[in-house]
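*Asks:* Next up is a structure, given as structure tokens.
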Amino acid sequence: MFRTPGWPFVLAQLKRALGDSLLATRLALAAWNGVGCVALALLAHRVWSNRDVATAAGLLWACWPAAVSYPGTRSATLGTESLAIPLMVVAVLVLALGAARDGRLALAGGVLLGACGLVRSNLSLLIPLAAVWLLAFGEGRLRQRVGHALLVLIGAAAVVGPWMIRNYERLGTFALASQRDVLFLGHNAWGRGSYDGDFFNSQSAQVQALITHHPGFLQASEIEKAAAYSREAMASIREYPARETWLLARKAALFLSPLRETEDGDSAYDWVFATVAVVCVAGWRWRLPRHAPGEWLLALPIVTALVTCLLVYFMPRYRYPAEPMMAAFACQAVSLACARHGAATVAGALGLLLAGNLAIALVLM
């Protein structure tokens, strides 16, 4: 139970249906990613009732570097995002279609969010956030809003509950997964707020500290290791509050940066993210007093991704669930800017921003 079972299950079904062909698997994942692009366009249209914004959001996400690479080249490395992100967008779309007034859609949204949690455990945070959104923005009296929020929780529990019960019966822990090394890596004396590959070297300082504090650590079960990781992380948080504050600030800054690990080999392309992030943040601040309920729903995956990075450490793939929603917000911001300042002015500003980002990317290559 180190990780959740959703992705291995789907891979097994793809192999059963398509054989051992990696190309066929990639094409299937690309098709599923295409469904996610269409769902994002429908979601944007549902929220803003603007066909141009919806089309731009779908096309931008279809051309997004990570959206292309995860179901393409990275599908060979079992990147769960190939399955999880389109599923997440579909789940949010179902909620946007009327979960605030229709209990059936609330229940269906909960089931889909539960499925997201079985693919990527950190996406399970969307379940309580969606329930809170329905409480805040649902239609009808408080009793009806509470009922719809409960339906989301019930639908999600029906999906993730059997897996958690199985883990309790067999391993003695009522959890989605036992993976806790990421928590330790985000909170220890060597942590820097981003990924540290040195941890996988048995002679690294982090591993040696674990062995010292927990004799027999390397021979421990995954449940015992998970407990050790958690204890070490909590001890670091308690003992070094100033350092933890610095780490939180650094993680938040990295979340909005376009930087990737050098081994990914695609850092130049991800400077596109810098442009979208700037426009997204500016547009969100611009519309802050007038945000519609649907816009707050679109923000939930962004909150989920940010909380993930703050709880553990920043890695671009941990931010990936936020990126389709940020792309949609950026398209809406451009549309509003064009209406207010004219298309030519906005095109010039975006051109300068892109040129600056590309220049920085070329310098850093």
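The values are calculated or read from the model by the stated rules, or taken from the named source; none is laboratory data. Just so it is clear, the model here is predicted, and its values are computed rather than measured. We place every Cβ from the backbone using ideal geometry, glycine too, and count neighbours over all the protein chains shown. Side chains included, ligands, DNA and RNA excluded: accessible areas come from the protein's heavy atoms. Shrake-Rupley method; radii C 1.70, N 1.55, O 1.52, S 1.80 Å.
*Asks:* Just name the residue that is farthest from Met88 (Cα to Cα) out of those in the range 296-322 that are assigned to a helix (DSSP H, G or I) and modelled with pLDDT under 90. Lay out the reasoning, then the answer.
*Replies:* As a first pass, look at the range 296-322 and keep what is assigned to a helix (DSSP H, G or I): 296-311, 316-322.
Of the ones still in play, those that are also modelled with pLDDT under 90 are 316-320.
Values: Pro316: 17, Arg317: 15, Tyr318: 14, Arg319: 14, Tyr320: 11 Å.
The qualifying residue farthest from Met88 (Cα to Cα) is Pro316.
*Asks:* I've got another one for you. Within the range 115-204, which helices (runs of 4 or more DSSP H) (wholly inside it) include 3 or more residues that are closer than 30 Å to Gly216 by Cβ?
*Replies:* On the way: elements: 126-137, 142-171, 181-186.
The qualifying helices (runs of 4 or more DSSP H) are 142-171, 181-186.
*Asks:* Next question. Which one is nearest to Ala330 (Cα to Cα) among residues in the range 25-51 that are surrounded by 17 or more Cβ atoms within 10 Å (Cβ to Cβ) and in contact (Cβ under 8 Å) with a residue 60 or more places away in the chain?
*Replies:* Per the stated criteria, the residue is Ala44.
*Asks:* Which residue, of Gly109, Gly161, is within 18 Å of Trp296 (Cβ to Cβ) and not acidic (Asp, Glu)? Give the derivation first.
*Replies:* Working: Gly161 fails: within 18 Å of Trp296 (Cβ to Cβ).
It is Gly109.
*Asks:* Still on this structure: With respect to Thr80, determine if the residue is within 16 Å of the chain's Cα centre (by Cα) and surrounded by fewer than 23 Cβ atoms within 10 Å (Cβ to Cβ). Before you say what the answer is, go through the steps one by one.
*Replies:* Numbers: within 16 Å of the chain's Cα centre (by Cα): yes; surrounded by fewer than 23 Cβ atoms within 10 Å (Cβ to Cβ): yes.
When the stated conditions are applied, Thr80 passes them.
For (1) without any contact (Cβ under 8 Å) to a residue 12 or more places away in the chain; (2) under 23 Å from Ser178 (Cβ atoms); (3) not β-branched (Val, Ile, Thr), each residue gets a yes or a no:
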position: Val90; (1), (2), (3): no, no, no
position: Ala96; (1), (2), (3): no, no, yes
position: Ala115; (1), (2), (3): no, yes, yes
position: Leu123; (1), (2), (3): no, yes, yes
position: Arg141; (1), (2), (3): yes, no, yes
position: Ile154; (1), (2), (3): no, no, no
position: Val159; (1), (2), (3): no, yes, no
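*Asks:* Can I ask one more? Spot the failing condition for Arg145; the list is (1) modelled with pLDDT of 90 or more; (2) within 30 Å of Glu239 (Cα to Cα); (3) basic (Lys, Arg), and only one is missed.
*Replies:* (2)
*Asks:* With Arg231, Arg180, Arg192 as the choices, which residue is among the basic types (Lys, Arg) and at pLDDT 90 or above?
*Replies:* Arg231
*Asks:* So which residues in the range 217-239 are open to solvent by less than 40 Å² (accessible area, probe 1.4 Å) and either in contact with an Asp or Glu (Cβ under 9 Å, 6 or more places away or on another chain) or polar (S, T, N, Q) (or both)?
*Replies:* If the condition is that a residue be open to solvent by less than 40 Å² (accessible area, probe 1.4 Å) and either in contact with an Asp or Glu (Cβ under 9 Å, 6 or more places away or on another chain) or polar (S, T, N, Q) (or both), then Phe217, Ala226, Tyr229, Ser230, Ser236 are the ones that fit.
*Asks:* Moving on to the next point. Going by the conditions given, is Val119 open to solvent by less than 40 Å² (accessible area, probe 1.4 Å), over 22 Å from Trp296 (Cα atoms) and β-branched (Val, Ile, Thr)?
*Replies:* Details: open to solvent by less than 40 Å² (accessible area, probe 1.4 Å): yes; over 22 Å from Trp296 (Cα atoms): yes; β-branched (Val, Ile, Thr): yes.
So Val119 fits the description; yes.
*Asks:* Could you check the range 167-203 and list, in sequence order, the residues that are closer than 25 Å to Phe9 by Cβ, surrounded by 13 or more Cβ atoms within 10 Å (Cβ to Cβ) and charged (D, E, K, R)?
*Replies:* Across the range 167-203, the qualifying residues are Arg180, Asp181.
*Asks:* Further question: Take the range 313-334 and flag every residue that is farther than 12 Å from Leu123 by Cα and in contact with an Asp or Glu (Cβ under 9 Å, 6 or more places away or on another chain). Show your work before the answer.
*Replies:* At the first step, the residues of the range 313-334 found to be farther than 12 Å from Leu123 by Cα are 313-317, 323-334.
Within the range 313-334, Tyr313, Met315, Pro316, Arg317, Phe329, Cys331, Gln332 qualify.
*Asks:* Right, something else. Confirm whether Leu210 is of a type outside the set (Val, Ile, Thr), crowded, with 17+ Cβ neighbours inside 10 Å and modelled with pLDDT of 90 or more.
*Replies:* On the way: of a type outside the set (Val, Ile, Thr): yes; crowded, with 17+ Cβ neighbours inside 10 Å: yes; modelled with pLDDT of 90 or more: no.
Taking the combined requirement at face value, the residue does not satisfy it.
Residue-wise test of (1) surrounded by fewer than 19 Cβ atoms within 10 Å (Cβ to Cβ); (2) under 14 Å from the mean Cα position of the chain (by Cα); (3) aromatic (Phe, Trp, Tyr).
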position: Ala67; (1), (2), (3): no, yes, no
position: Val94; (1), (2), (3): no, no, no
position: Asp102; (1), (2), (3): yes, no, no
position: Leu105; (1), (2), (3): no, no, no
position: Glu139; (1), (2), (3): yes, no, no
position: Val159; (1), (2), (3): no, no, no
